[in-house]
1. Please label the shape of the range 60-175 as rounded, prolate or oblate, based on the square roots a ≥ b ≥ c of the eigenvalues of the alpha-carbon gyration tensor (a/c under 1.5 means rounded; beyond that, a/b larger than b/c means prolate, else oblate).
2. Could you check what % of the DSSP bridge pairs in the range 63-205 are antiparallel, to the nearest 5?
3. Please work out, to two decimal places, the log10 of the ratio I(q)/I(0) at q = 0.15, 0.17, 0.21 Å⁻¹ from a Debye calculation in which every Cα of the range 106-251 carries one identical scatterer.
4. Express the Stokes-Einstein translational diffusion coefficient of the chain in µm² s⁻¹, to the nearest whole number, given a Kirkwood radius over alpha-carbon pairs, 20 °C and a viscosity of 1.002 mPa s.
5. Just grab the label-to-label distance for Glu301 and Ala196, each label 7 Å out from Cα along the Cβ direction, in nm (one decimal).
6. So if we plug the beta-carbon distance of Glu75 and Arg102 into 1/(1 + (r/R0)^6) with R0 = 30 Å, what FRET efficiency do we get, rounded to 0.05?
7. What is the Rg over Rh value, at two decimals, for the range 102-142, using alpha-carbon atoms and the Kirkwood definition of Rh?
8. Within straight cross-link reach of Lys220, meaning Cα distance under 13 Å, which aspartates and glutamates are found once same-chain residues fewer than 8 apart are removed?
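Just so you know, all these numbers are worked out from the coordinates, no wet-lab data involved. All figures in this text were calculated on a predicted structure; none of them were measured in a lab. So basically every Cβ, Gly included, is an ideal-geometry build from the backbone, and we count neighbours across all protein chains shown.
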Amino acid sequence: MRVATLTMNPAIDGACEAEAVFPTHKIRTHNERYDPGGGGINVARVLARMGHASSLGAVEVIYLAGGATGALLDELLDQHGLDRHRIAIHDHTRQSLAVYERSSGKEFRFVPDGPLVDEAEWQAAFDHVAGLEHGWLVASGSLPRGVPVDFYARVAAALAARDVRVVVDTSGPALAAALDQGGLYLVKPSQGEFEALIGRKLPDAQAVGEAAMEMVRSGKAAHVAVSMGHEGAVLAHAGGVIVRSALDVPVKSATGAGDSFVGGMVHGFLCGEDAAGAFRWGMAAGTAAVMSPGTDLCHPEAVRRMWLALGDR
């Protein structure tokens, strides 16, 4: 089944390592790498690695890009073999940087706001996405400056009668507006994002599950997956609430872990899994991602190892 991913605020994701990070001094870095990034692009990269882009058009990457950095983003996407549809903008595509400090094992992440997008540019993206039929749309990541906060909600409304399963992975007002529109197939906030959304702290997985189930019952989303870091994740769906504890693995980078989780769940659904099975694939992909350095995301062999390990729980 065809999958389109939408990335309104993509990035050229840089990653490197440094022995130690200090203020003022020049920091010599090593093992630099650059990848096409942003929520929807990362999800597409995961799906491609899991075998869903073997035929042209199976996964389409829709994204905004501009300036010299936009041209570089195009080149990086082509290197990953992704079928892409670029919406041209006048401003520059942003660049992010993740620095792994060897001495402490900590990762420092620098993420700019991104470009200023005018109405004609975001409207072009909306028009393209609103014409999709039969398949999946994964709308993921932040909205850049100039794009209305209810953009994802407008997209969901436009696709409501088009037999498209809409997945939204964002935060703050953009997520709230999309959920108010309702009818989403899947949302995946982190616990912090989920707590900000509902306006209260949730002390444990049971409380998270109960709050997520309220959203499912209200018709806002058919599946609500909440990632809880080292405490695992929770999924609420029509069949009930599933809680999975996290696997104990060495963590090299948190970059793209949430996107990998979404990609893993979509992979599971595409393979015919039920909600519980897709959730297991999501957990496996998210776990595999934190084991990869920098912006490398997850790899199929690691995902399958984590999938097997989760079966013992």
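1. Values: a/c = 1.69, a/b = 1.54, b/c = 1.10.
Judged from the Cα gyration tensor, the range 60-175 comes out prolate (a/c at least 1.5, a/b above b/c).
2. Working: 5 of 17 bridges.
Restricted to the range 63-205, the bridges split so that about 30 percent are antiparallel.
3. -0.82, -1.00, -1.28
4. Values: Rh = 19.5 Å.
Reported coefficient: 110 µm²/s.
5. Here the modelled spin labels are 3.8 nm apart.
6. Working: r = 30 Å, r/R0 = 0.99.
Plugging the Cβ-Cβ distance into 1/(1 + (r/R0)^6) gives 0.50.
7. Working: Rg = 17.3 Å, Rh = 14.0 Å.
A ratio of 1.23.
8. Asp180
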